[in-house]
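Notes follow once the structure below has been shown.
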Amino acid sequence: MITELFRPKNIGTVTIPNRLIVSAMVVNVCNDDGTLTDRFIDYHEEKAKGGWGLIITEDYGISADAKGYSNIPGLWDDAQIPGNKELTRRIHNHGAKIFCQIYHSGKQKMPNVPGQPLAPSAIKDPLVQNMPRELTVPEIRQIVKQFGACACRAKESGFDGLEIHAAHGYLIAQFLSWFINKRTDEYGGCFANRCRFLDEVYAEVRKNVGPDFPIMVRISVNEYAPGGRKEAESYALARHLDELGVDAIHVSNGTYASDMEHSIITNMFADNAFNTDAAQQIKSLVSCPVVTVNKIHDAQLALLGNVDVKPGPVVVCGGGEVGGETAEFIAQTNHDVTILEMRPSILADMFIGNMGSLLQHIQANGIRSITNATVTAINETGVSYSDGEGKIHTIPAATVVSAFGYRAYNPLEETAKAACKEVHVVGSAVKAGNALVAIREGYLAGMAL
Ligand SMILES: Cc1cc2nc3c(=O)[nH]c(=O)nc-3n(C[C@H](O)[C@H](O)[C@H](O)COP(=O)(O)O)c2cc1C
C-alpha cells in the first residue's frame, strides 16, 4: 500500500513521479494585478523540495473580475506569463509536476474584492452575503473564451496541466447546481443544460491547449448544502466528464453554504476520509484517474487519552472550549455528564465554525449544560453552584473536571534570563490565549532577533 503511493502514475500524457498530490490552497500573497510574488514562488518551491509528485496551484483568475480573493494570481494578461514561467521552472528543478487551477469565483467573492459578483441566477450567497447579478448569454460566452485564453497562457507558462475548478460553489459549480441555477434558458433546468457551461469551458480549453495537454476537473461530490448536488447526480456528472475525455477527476466536497463539518475545509469533528467511498465509487464508473481529498490521515488520534474517569456522574466545571471538548470526549463512554458554566451560554470563546459542530455533538450525546451557574463548592460527592438568582444547588459528581479557564504560565523566564542575554516571552507565558496568537508572537520574536 505504502509503496504504491510512491509509484509513478500518468495523468493523460504527463507522468507524475508519485501519487502524492497537494491540492489547491489559496495563500493570497500575489500582487494586486495577479502577477506572482517571490513569496508565492518560494512557497511552491518548498512543496516541490518536500517531494510532492504533483502540486496544484491555488485558483488562478481567468479575468480580473473572476477573482474571489484580493491577492490570488491570474493568467488573463500576457504580462502575467514571465512570473509563471519562473514558477514552473523552479518546480521542475526538483522533479515535481505542477498543474494550474483556473476558475471564476461567480458570486463567492470576498467583500474586499472589487467588481460585481456574477452568477447564473440572482440568488444571495449565504456566507459572503453577496447579491449577484444574473449573467447574460453573451457574458457567459465571453467567460468561456476567457477560460480558453487563460488555459493557453498556462500552457505557455510551462505548467504540466490544468485543473478546471468546477467544485466548491464557484461559478462553474453554480451553473451545475440546481439550488443556485434557476435559469430557464439553455444553461438551466435539466442536467444537460446545467452542464452546458462546463461543457463549453472544457471544449474551449481543450481546443486551445490541444489533445495532449492534461486537463483535470475538480468537482464537489456532495455539496452538503440545502438543495445542493449529492452523490447520485455527481456520479452522472463524473461519467459525463469521462465521456468528454477529461484526463482526471478530482473529488472534493462542499460549497461556501455547507455546514462546517462538511465544508470544503472541514473542522476537527468531521469523519476522516469522508469523500473516499464516493471517490471509489466514481473510480468504478470512469476510465480516467481519480484524485481525492479531505481528512485522509492517521485515524489513531490520541485525544485526551489519559483522563481517568470513575463510573458515576461527571461534572465539568466550565463550559468554554476546553470544558466543552472534554465533556464531549467523556460522554462517548459515560452517559451522565453535566457542564456548569457561569456565563449565559457555553462555548462562547470558540471559533464559530467549530462551535456549531461541538454544540451538535454535545446535544447528540445527551450532555446537560447548566448556564448562569457559578461553582461555589466541590466536595467528595458533588458540586454546588449558585444560579442566576443566587440560589444554591448541589448536583452529584463522582468525577469533577476543572475547566474553569486559562491562566498565563511562565515558569522559565527567569531561568532563561540567567542563561541568555536576550529573552522574548511569547504566547500563553504572557497571556493565556490560543495557538494562533502564540505562533504569531513567536514569529515576531524570531524576526526581531
Ligand atoms: C487555506 C486553504 C485554501 C484553499 N484554497 C483552495 C483553492 O484555491 N482551490 C481549491 O480547489 N481548494 C482549495 N482549498 C481546499 C483544499 O484543496 C482541500 O480540498 C481541503 O483543504 C481538504 O484538504 P485535506 O485533504 O488536506 O483535508 C483550500 C484549502 C485551504 C485550507
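The values are calculated or read from the model by the stated rules, or taken from the named source; none is laboratory data. On a predicted model such as this, the values are computed, not experimentally measured, just so you know. Counting neighbours? That spans all protein chains shown, and the Cβs are built from the backbone with ideal geometry, glycine included.
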> Before we move on, is V314 at pLDDT below 90, surrounded by 13 or more Cβ atoms within 10 Å (Cβ to Cβ) and more than 23 Å from the chain's Cα centre (by Cα)?
Replying inline: no
> Out of (1) farther than 26 Å from R343 by Cβ; (2) of a type in the set (D, E); (3) in contact (Cβ under 8 Å) with a residue 12 or more places away in the chain; (4) assigned by TED's automatic domain parsing to the domain that holds G319, what's the single condition that is false for D387?
Replying inline: (1)
>> Condition first: assigned to a loop (DSSP other than H, G, I, E, B), more than 14 Å from the ligand (Cβ to nearest atom), at pLDDT 90 or above and among the aliphatic types (A, V, I, L, M). Now tell me which residues in region 273-306 satisfy that.
In response: V286
> Would you call A96 within 16 Å of the ligand (Cβ to nearest atom) and within 30 Å of N294 (Cβ to Cβ)?
Replying inline: no
> Hey, does region 28-39 have a residue that's within 16 Å of the ligand (Cβ to nearest atom), surrounded by fewer than 17 Cβ atoms within 10 Å (Cβ to Cβ) and of a type in the set (K, R)?
Replying inline: yes
> Filter region 56-72 for residues that are in contact with a Cys (Cβ under 9 Å, 6 or more places away or on another chain), of a type outside the set (A, V, I, L, M) and buried (at least 24 other Cβ atoms within 10 Å of the Cβ); which is nearest to R133 (Cα to Cα)?
Replying inline: G61
> Is it fair to say A238 is buried (at least 19 other Cβ atoms within 10 Å of the Cβ) and either among the charged types (D, E, K, R) or under 20 Å from N193 (Cβ atoms) (or both)?
Replying inline: yes
> Yes or no: P126 assigned to a helix (DSSP H, G or I) and surrounded by fewer than 18 Cβ atoms within 10 Å (Cβ to Cβ)?
Replying inline: no
> For region 330-358, what are the residues that are buried (at least 18 other Cβ atoms within 10 Å of the Cβ) and part of a helix (DSSP H, G or I)?
Replying inline: I330, N354, M355, S357, L358
> Counting only residues that are surrounded by 15 or more Cβ atoms within 10 Å (Cβ to Cβ) and over 25 Å from I264 (Cα atoms), which one in region 1-15 is modelled with the lowest pLDDT?
Replying inline: K9
> Any residue at all in region 253-272 that is at pLDDT 90 or above, within 15 Å of the chain's Cα centre (by Cα), more than 13 Å from the ligand (Cβ to nearest atom) and not assigned by TED's automatic domain parsing to the domain that holds A331?
Replying inline: yes
>> Condition first: in contact with a strand residue (DSSP E or B) (Cβ under 8 Å, 6 or more places away or on another chain) and in contact (Cβ under 8 Å) with a residue 40 or more places away in the chain. Can you find one or more residues in region 355-366 that meet it?
In response: no
>> If I filter region 392-408 for residues that are more than 30 Å from D336 (Cβ to Cβ), in a loop (DSSP other than H, G, I, E, B) and not β-branched (V, I, T), do I get at least one hit?
In response: yes
> Considering only residues of region 145-164 that are under 18 Å from R218 (Cβ atoms) and hydrophobic (A, V, I, L, M, F, W, C), which is nearest to the chain's Cα centre (by Cα)?
Replying inline: I164
> Can you name every residue in region 242-290 that is among the hydroxyl-bearing types (S, T, Y) and under 19 Å from H168 (Cβ atoms)?
Replying inline: S252, T255, Y256, S258, S263, T266, T276
> Are there any pairs, at least 6 apart or on different chains, whose C-beta atoms fall under 6 Å, with the first in region 158-183 and touching a residue at least 12 places away in the same chain (Cβ under 8 Å) and under 16 Å from I11 (Cα atoms) and the second more than 13 Å from the ligand (Cβ to nearest atom) and assigned to a loop (DSSP other than H, G, I, E, B), and if so, which?
Replying inline: G161/P214
> Do we have any residue at all in region 236-246 that's part of a loop (DSSP other than H, G, I, E, B), closer than 29 Å to C152 by Cβ and away from the ligand (no atom under 16 Å from the Cβ)?
Replying inline: yes
